[in-house]
Amino acid sequence: MKKFKEIVVVSGKGGTGKTTFTATLAASLPRKIIADTDVDAANLHILLQPKKSRATKFRGKDIASLDPGKCTNCGLCREKCAFDAVIPVKGNLKIDESACEGCTLCSLVCPTEAIVMIPRFVGDWMISETAYGKFVHARLKPGGENSGHLVTMVRLQAKHLAVENNIDTILIDGPPGIGCPVNAAVSGTNYAVVVTEPTYSGISDLERILLLIRHFGIPCGVIVNRFDIHAENTNRIERYCREAGASVLAKIPHSYEIMESIAAARIPINVCQELDRAVSAISQIISDI
Ligand code: SF4
Ligand code: SF4
């Protein structure tokens, strides 16, 4: 089986500059597949500006569908549904799709076979061309469940593309937070880059994401973004990283040039030396894997 170098960029929370940093890496690294696993609120595409997308529907859990023509209104399905997803509407029973958990029980107990399970499509995943390489991304419908599974699908498709194109590096933009989608994005990767900022919430989220990364046994390094907005907190981050065995790879200052690039939907390359140095450090780490 082909060996991949999967590099994931995470943050523990939104708004730290994670996606901007991933875009800068994407624009700087040589041959790689880019994967955006922030399926709930994808935004890497804004900077990568993909063209020629090919979309595939993503199937979530099946849901119950009730045929009123066959229903005798016996009420058994409503009585058995543990999720209150069978509801009366104007004297008839209907399935509340947003409440249905797809357990199939109602379809099994219905004496007239009025309920069948039908597929529910909860989002799409796309393969796109960008100026920086092939890009796999996804969009989960509002309220769509299974975001962890969609993350796994994005990573799987990125691996297929890597094999097809004889590429061994996959750059993953991870979801924010530390929930199920982050687990799906981080597990089994070769290196995690954590982008943080010296705010109190940033420090607390950094501690949580480093615990998660350590749980998976993945080597990691930390980028402190806007390090100069709070010197004392930056010192705390450096101290914590030392104790946690995570190296601080770079400290990027608050930069108007970077902000201007983002506001113009441009990737901030060659606008900040520290940012360029951070990218070089990660390029070196990737080539050493
Ligand atoms: S499939 Fe399960 S959750 Fe959905 S309506 Fe039927 S019993 Fe309720
Ligand atoms: S169990 Fe079947 S027949 Fe009875 S109310 Fe539900 S859908 Fe109608």
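The values are calculated or read from the model by the stated rules, or taken from the named source; none is laboratory data. This structure is a prediction, so every number in the text was calculated from the model and none was measured. Methodologically, a virtual Cβ is constructed for each residue, glycine included, from the backbone with ideal geometry; neighbour enumeration extends over all protein chains shown.
Number of residues in segment 152-174 that are under 28 Å from Gly102 (Cβ atoms), in contact with a strand residue (DSSP E or B) (Cβ under 8 Å, 6 or more places away or on another chain) and of a type in the set (A, V, I, L, M) equals 3.
Any residue at all in segment 10-25 that's over 21 Å from Arg226 (Cα atoms), touching a helix residue (DSSP H, G or I) at 6+ places or on another chain (Cβ under 9 Å) and either among the charged types (D, E, K, R) or in contact (Cβ under 8 Å) with a residue 24 or more places away in the chain (or both)? Looking through segment 10-25, none of the residues is over 21 Å from Arg226 (Cα atoms), touching a helix residue (DSSP H, G or I) at 6+ places or on another chain (Cβ under 9 Å) and either among the charged types (D, E, K, R) or in contact (Cβ under 8 Å) with a residue 24 or more places away in the chain (or both).
Only residues that are surrounded by 14 or more Cβ atoms within 10 Å (Cβ to Cβ) and either more than 8 Å from ligand 1 (Cβ to nearest atom) or closer than 29 Å to Gly148 by Cα (or both) were counted across segment 77-96, and they come to 9.
Condition check: aromatic (Phe, Trp, Tyr), in a strand (DSSP E or B) and away from ligand 2 (no atom under 16 Å from the Cβ). Does Phe58 satisfy that? Spelling it out, Phe58 is indeed aromatic (Phe, Trp, Tyr), in a strand (DSSP E or B) and away from ligand 2 (no atom under 16 Å from the Cβ).
Counted as qualifying within segment 66-142 are the strands (runs of 3 or more DSSP E) with 3 or more residues that are in contact (Cβ under 8 Å) with a residue 12 or more places away in the chain and in contact with a strand residue (DSSP E or B) (Cβ under 9 Å, 6 or more places away or on another chain), namely 92-95, 115-118, 121-130, 133-140.
What tally of residues in segment 75-111 results from selecting those that are more than 21 Å from Arg59 (Cβ to Cβ) and either touching a Ser or Thr at 6+ places or on another chain (Cβ under 6 Å) or of a type in the set (Asp, Glu) (or both)? Within segment 75-111, residues that are more than 21 Å from Arg59 (Cβ to Cβ) and either touching a Ser or Thr at 6+ places or on another chain (Cβ under 6 Å) or of a type in the set (Asp, Glu) (or both) number 2.
The residue that is nearest to Leu140 (Cα to Cα), among those in segment 12-56 that are polar (S, T, N, Q) and under 11 Å from the mean Cα position of the chain (by Cα), is Thr37.
Within this structure, Ala162 passes the test of being touching a Phe, Trp or Tyr at 6+ places or on another chain (Cβ under 8 Å) and more than 15 Å from ligand 1 (Cβ to nearest atom).
Confirm whether Ala99 is more than 14 Å from ligand 2 (Cβ to nearest atom), in contact with an Asp or Glu (Cβ under 8 Å, 6 or more places away or on another chain) and hydrophobic (A, V, I, L, M, F, W, C). Here the answer is yes, as Ala99 does meet what is asked.
Checked against the criteria, Ala41 counts as exposed (fewer than 15 other Cβ atoms within 10 Å of the Cβ), modelled with pLDDT under 95 and under 28 Å from Cys180 (Cα atoms). Looking only at segment 101-140, residues that are surrounded by fewer than 21 Cβ atoms within 10 Å (Cβ to Cβ), β-branched (Val, Ile, Thr) and over 26 Å from the mean Cα position of the chain (by Cα) come to 5 in all.
Scanning segment 76-90 for residues that are modelled with pLDDT of 95 or more and among the small types (Gly, Ala, Ser) turns up at least one hit.
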